[in-house]
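The values are calculated or read from the model by the stated rules, or taken from the named source; none is laboratory data. Note that the coordinates shown come from a computational prediction; the quantities given were computed from them, not determined experimentally. Cβ placement follows ideal geometry from the backbone for every residue including glycine, while neighbour counts extend to all protein chains displayed.
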Amino acid sequence: MREAGLRNILVFLLVVVCMAPANASDNPVHYTVSIPQPQTHLFHVEMGITGVEGPQVDLSMPVWWGAYRVQDFSANVVEFAAFDAEGNNLEWRKLDKNTWRIETGGSAAVTAKYVVYSREMRTTTSWVNSNLGHILGGNLFFWVDDDTGRAATLKLDLPAGWKVSAGAVSEPGDQTLFSFPSYHELIDTPMLIGTHREFGYEVEGIPHLVAVAGRTDIDIDLFVEDTKKIVEASADWFGGLPYEKYCFILVCSPNAGGGLEHANGTTMIVPDWRYPHKRLRWLTAHEYFHTWNVKRIQPPCFKPYDYDREIFTGFLWFSEGCTEYFTAQLLLRAGLWTREMVLDNYAELINEYRGRPGRLYESAYDGSFDTWLGRRRGENSVNVSFSYYPKGEIAGLIINFEMMQRTGGEKCFDDVLMAMWRRYLEEDAGFTTEDVRALCEEIAGGSFEQVFADYVYGVRDVPFEEYFPICGYRVIPDPERTAAEQVGAWLGARYSDEGGKVEITAVLRDTEAWQDGLNYGDEIISFGGVRIQGTADLDLQLRLRKPGEEVEVVVGRDGLVEALAVTMEEFPQPIYTIDGVREPREIQLKCREKWLGVDKIRP
């Protein structure tokens, strides 16, 4: 760790300790987890509470954690019981869906015992099966009397032959005993338990684990090497590492579930076979970058998290979307991506953006605020929303271009990120969208009000063709790919093979299919009199048709069969690529190096 970075972090930690309540570490809650029969998917939890004052103590379990959606974890709590210091049963009752109230009977020590059923393999929860488990405390541990700042210990009683891999530092002499300064750290520490494989290395004297479970054709040695390069590049970028230990957890399973970040680790669940290494590198770098952006650089409403209810914020365009933007930067720094790969990534993003009508109906800010509604995952999402992940990434890209153009290639979006990091270290600052805008203006000069109004708060269509030339690139149609898409006709709807049936998965707004009555969920039985028995059949029939031609489409809908006359269309947009201008000017090359070069900003 660099001396300056270490000094800043130590100063910040000293401030936090001095500001903590005097009783923050008094009477920690003691949790013990045992798994006597892992094949039953049952966690047995014992929770010891001391220093109890008053006739009652309330225990609450989060209604959400990790993913921004209510999950009501307490639904899987069974066999709840409470005891006093002598082991006598105590009365209890539920106050609401996630709160249990125990009548203490005057006892200063209370023990709660309960069982949690957890079979479904998710990145956001604890789960266990016959030879593997994952502990993530949001669906496993209660907090006490609304005091999520209370210290905790965790003891794991594991089946014979099992080990634990975690970013938490275990107590000396006991690899299964851990201490945490608060409930927040307890439930923000993922742990892989079982008979999995484990690898390790150090970066700047800090231990890192890579825990891998499941059968896979992924090159695990290469994956471990990739994680180390990502860590080293990040340490160089930020001037050090803000944790004592870190654990990458990779589970390879048919039940793929993505990734989830934590302050000292990440859990990734990916398909067990044929998962592209390029995508794994992206996922790993994205989740690891959250070590800074999300787990430390946060909106004020996350300080601390409220586990009782939704936390509405428009800041996820930066937390998640700009993490996507910086993921490409991190992969460049780590030597795992090339400039060409970054440009290909943005070409794919442009094609995705321009092929989705919802881009003109939902802003990056609003998509973040409404993420709890789940609208972007609904059947009409393609028409009314565009995820704050890609929209935030695009916003970060545009802000970067604007900063480089205004400063002659002297400043870029990285400077804003590093200014936020310094403020976090010095002040434990939280950030709003307006704070980000103010920093852009402070660093690059001039007003960014219109930029944010258009691309963060608003839905202005992005003129990529105007921005990429700042760095000597041009966004142009790819003749070959465009011609391939325009062979035959376009249906105006998306479809997939669902159990041997071709079903409509989305009907795009204002297309002929939209007007002619195709619906989400329709099974396409025949097309122009030809029986359709797979997506290849439908693809072939579309290639044989012409735009403007009317075709009878027979669909199955709600248990009935209906014939619709649907007019075919031409594929509505080119397929774009990004190419360099023929003779880039000096300022364009300077901006290009600032954006995609290896000589990056330092703290």
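Contact annotation: residue pairs with Cβ atoms under 9 Å, 6 or more positions apart or on different chains, pairing a residue in the stretch 257-283 that is free of Cβ contacts under 8 Å to residues at least 40 places away in the same chain and in the same structural domain as residue 247 (by TED's automatic domain parsing) with a partner that is assigned to a loop (DSSP other than H, G, I, E, B) and basic (Lys, Arg), are 261/295. A count restricted to the stretch 154-210 and to residues that are outside any strand (DSSP E or B), more than 19 Å from residue 267 (Cβ to Cβ) and among the charged types (D, E, K, R) stands at 1. Taken over the stretch 294-311, the residue count meeting the criterion of being surrounded by 14 or more Cβ atoms within 10 Å (Cβ to Cβ) and either assigned by TED's automatic domain parsing to the domain that holds residue 262 or farther than 16 Å from residue 417 by Cβ (or both) is 7. Every condition in (1) β-branched (Val, Ile, Thr); (2) in a strand (DSSP E or B); (3) farther than 28 Å from residue 270 by Cα holds for residue 116 except the one numbered (3). Residues satisfying the criterion are absent from the stretch 404-419 (criterion: surrounded by fewer than 18 Cβ atoms within 10 Å (Cβ to Cβ) and at pLDDT below 95).
Checking each residue in the stretch 137-153 for being surrounded by fewer than 22 Cβ atoms within 10 Å (Cβ to Cβ) and assigned to a loop (DSSP other than H, G, I, E, B) picks out 145, 146, 147, 148, 149, 151.
All of 52, 63 fail the test of being assigned to a loop (DSSP other than H, G, I, E, B) and under 28 Å from the mean Cα position of the chain (by Cα), apart from 63. Taken together, the criteria place residue 515 among residues that are of a type in the set (S, T, N, Q) and exposed (fewer than 14 other Cβ atoms within 10 Å of the Cβ).
Report the residue count in the stretch 325-370 for those that are closer than 30 Å to residue 224 by Cα, touching a residue at least 40 places away in the same chain (Cβ under 8 Å) and acidic (Asp, Glu). Give the steps one after another, and end with the answer.
The initial filter retains those residues of the stretch 325-370 that are closer than 30 Å to residue 224 by Cα, namely 325-349.
Pick out the ones that are also touching a residue at least 40 places away in the same chain (Cβ under 8 Å) and you get 325-327, 329-337, 339, 341-344, 346-347, 349.
After this cut, where a residue has to be acidic (Asp, Glu) as well, the list is 344.
Residues meeting the conditions: 1.
Tally time: how many residues in the stretch 411-447 are in a loop (DSSP other than H, G, I, E, B) and of a type in the set (Gly, Ala, Ser)? Give the steps one after another, and end with the answer.
Within the stretch 411-447, the first condition is being in a loop (DSSP other than H, G, I, E, B), and the residues that meet it are 411-412, 428-432, 445-447.
In the following step, the residues that additionally are of a type in the set (Gly, Ala, Ser) were identified as 429-430, 445-447.
Final tally of qualifying residues: 5.
Within the stretch 354-390, the set of residues being surrounded by 20 or more Cβ atoms within 10 Å (Cβ to Cβ), over 15 Å from the mean Cα position of the chain (by Cα) and among the aromatic types (Phe, Trp, Tyr) comprises 365, 386.
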